[in-house]
Amino acid sequence: MNYIGSKLSLLEFLENSINKVVDPEKNGAGKKCRVFCDLFAGTGIVGNYFKKKGYKIIANDIQYYSFVLNKHYIENHKELKFLRLAKKLSELKNIKTGNRKDFVCDYLENLKGIKGFIYKNYCLGGTKNKEIQRQYFSNANGMKCDAIRQKIEEWKKEKLINDNEYYFLLASLIESIDKCANTASVYGAFLKKLKKSAQKSFVLQPAELIINDQEHKVYNKDINVLTKKIKGDILYLDPPYNHRQYASNYHILETIAKYDNPKIHGKTGLRNCANQKSLYCSRVEAKNAFKDLISKANAKYVFLSYNNEGIMSLKDIKKIMSLRGKYGYFTKKYNRFKADRDKNRNYKANKTTEYLHYVVCN
Ligand SMILES: C[S@@+](CC[C@H](N)C(=O)[O-])C[C@H]1O[C@@H](n2cnc3c(N)ncnc32)[C@H](O)[C@@H]1O
């Protein structure tokens, strides 16, 4: 997923740097039983990477769509067998348990579209007679999304799927529908004409499942409330760097995840997200929120991803983190997050310096 602040292309940098601090001699060996906390988890890509390396993961994010993604990518760690659904769908019974995920996604993908909340509010067909017309998805893809989302909820209500299967299906839907959104990248605006990827028929791609022996845990809380209740070995922090609120930039994914028929307003059809506004996006609040967070951190090693253009200055970060112990940092040149329309920008101007700050707590 093309997510603001995604660490997808920085994973090795993160791992190598973290190993240098945590295991200077063993270069990462012996990390197996460590608890890695990824508490601004977003897409879950960082937690997922360290889960694959053998860590036990605790993940968290204030956004519900992120919680859903992490419930699957992080918490799910055993095969999904769809045992109860197989009693209802006779074709599923004959499929090997290892292949059932693909079959169920295929089944959902082939449902007939429904004119539900997404079609009625975010597609041209559904909004054409309303005061504001919106085209976040093609009509066909919007209706498909509604049909799949409603079926997943129906199966859950009828107890035909368990929580693990539920979050797997929702995560697959969120990631797949995002691929055919008619936006430049985020949901703060839609494009006038349907772009090529938005014209393609919707494909429900099964989300990857990482099988391992560890139990993991995922939360959907404000980090400053959660942190004091959590203990880990490594606390990895990746807060927003600037004023762009995730709640408004990904509001449609939030609605697909919750499917709660919210009141929406304005040209973009924004839901009310007042209680998800992040202090880390505010020039006035970020520093105090970060200081409070660092003071509550319950881990030997605390790492912070931030760049040289963020709201908090490097001086402030150093001052705050040093309160807890020995401070240091690593850097890497990095390509800034790009929306489609920014592709023509000068390449050099798109480079920024990514920092990984750390403190080894006393
Ligand atoms: C830079 S992104 C994280 C990206 C993530 N590491 C990835 O690679 O996908 C920051 C995340 O912090 C979340 N967030 C912002 N404020 C928060 C808060 N107070 N508590 C918990 N999560 C918060 C946002 O919803 C967003 O997903």
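The values are calculated or read from the model by the stated rules, or taken from the named source; none is laboratory data. Computed from a predicted model, the values in this text were never measured in an experiment. For neighbour counting, all protein chains shown are included, and Cβ atoms are generated from backbone atoms with ideal geometry for every residue, glycine included. Keep in mind that these areas ignore ligands, DNA and RNA; they rest on the heavy atoms of the full protein, side chains included. Shrake-Rupley method; radii C 1.70, N 1.55, O 1.52, S 1.80 Å.
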### Message
Restricting to the stretch 253-279, name every residue that is touching an Asp or Glu at 6+ places or on another chain (Cβ under 9 Å) and under 11 Å from Asn121 (Cα atoms).
### Response
Pro262
### Query
Just to be sure, is Val21 surrounded by 14 or more Cβ atoms within 10 Å (Cβ to Cβ) and either in a loop (DSSP other than H, G, I, E, B) or within 16 Å of the ligand (Cβ to nearest atom) (or both)?
no
### Task
Answer with yes or no whether Ser176 is out of contact with any Cys (no Cβ under 8 Å at 6 or more places or on another chain) and at pLDDT below 95.
no
### Summary
Among strands (runs of 3 or more DSSP E) entirely within the stretch 230-347, at least 1 residues that are open to solvent by 30 Å² or more (accessible area, probe 1.4 Å) and touching a residue at least 24 places away in the same chain (Cβ under 8 Å) occur in 301-307, 325-335
### Query
Just checking, which of Lys144, Lys157, Lys151 is open to solvent by 50 Å² or more (accessible area, probe 1.4 Å) and modelled with pLDDT of 95 or more?
Lys157
### Message
For the structure I just gave you, tell me whether Gln135 is in contact with a strand residue (DSSP E or B) (Cβ under 9 Å, 6 or more places away or on another chain) and not hydrophobic (A, V, I, L, M, F, W, C).
### Response
yes
### Task
Mind telling me which of the residues Leu92, Leu111, Leu39 ends up being modelled with pLDDT of 95 or more and more than 17 Å from Ser172 (Cα to Cα)?
Leu39
### Task
List the helices (runs of 4 or more DSSP H) that sit entirely inside the stretch 40-124 and contain at least 1 residues that are in contact with a strand residue (DSSP E or B) (Cβ under 7 Å, 6 or more places away or on another chain).
45-52, 64-70, 117-122
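Per-residue answers, yes or no, for (1) farther than 18 Å from Ile252 by Cβ; (2) free of Cβ contacts under 8 Å to residues at least 60 places away in the same chain; (3) touching a helix residue (DSSP H, G or I) at 6+ places or on another chain (Cβ under 6 Å):
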| site | (1), (2), (3) |
| --- | --- |
| Phe117 | no, no, no |
| Lys144 | no, yes, no |
| Lys159 | yes, no, no |
| Asn164 | yes, no, no |
| Phe168 | yes, no, yes |
